[in-house]
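Down below is the structure, laid out as structure tokens.
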Amino acid sequence: MRRRIAMAATVALASSWAVGAAAPAYATGPCGSGYTRIDVYDISTKSGVKKGSLELYYDSASGKNCALAYGVGSTYGTTTFKQVKIARSTDPLWTPDQGYFKYYAGPVSVSAAGVCIDLEAQIGTDAYALENNVHCH
């Protein structure tokens, strides 16, 4: 009898751990729960070489926008300078994240219900993206 109880407890514990561990990884995106990806922009050099992707997410319930700058190709998985900034188009105050990151800079977010936003991103020293007056929700 003890053996059956111990086995049942082990199975229950393992099952609850597997469900509990898997749920958060799939329940939220990089910006948290409630956000949906609404756009992706290339982060490229002047000659057109793509070195990254600027991803924009939106949470309609909170009115918040969230952005991340990912490296691609040789800049993905390599510690490289990465930067992302976001701001309301009506406000010159940027919310930035920058540094030498392996995969991405961000997430950064701003409350912008009813107004447009500006986005800026950089990968390395020569790849940029700048989007002004976009996603006016």
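For TRP94 and TYR76, the difference between the fully extended length at 0.36 nm per residue and the C-alpha to C-alpha distance is 4.0 nm. Residues whose amide H comes within less than 5 Å of that of TYR35, counting only those at least five positions distant or on another chain, are GLY29 (H built at 1.01 Å from N in the peptide plane).
Our analysis of region 54-109 gives Rg over Rh at 1.04, with the two radii drawn from alpha carbon positions and Rh computed by the Kirkwood formula.
Our coupling estimate for region 89-101, obtained by passing each phi through the Karplus curve with A = 6.51, B = -1.76, C = 1.60 and θ = phi - 60°, is 4, 8, 9, x, 8, 7, 9, x, 9, 8, x, 9, 10 Hz, Gly and Pro reported as x.
Each value in this text was obtained by applying a stated rule to the coordinates, not by laboratory testing. The shown structure was predicted, so the numbers you read here are calculated from the model rather than taken from an experiment.
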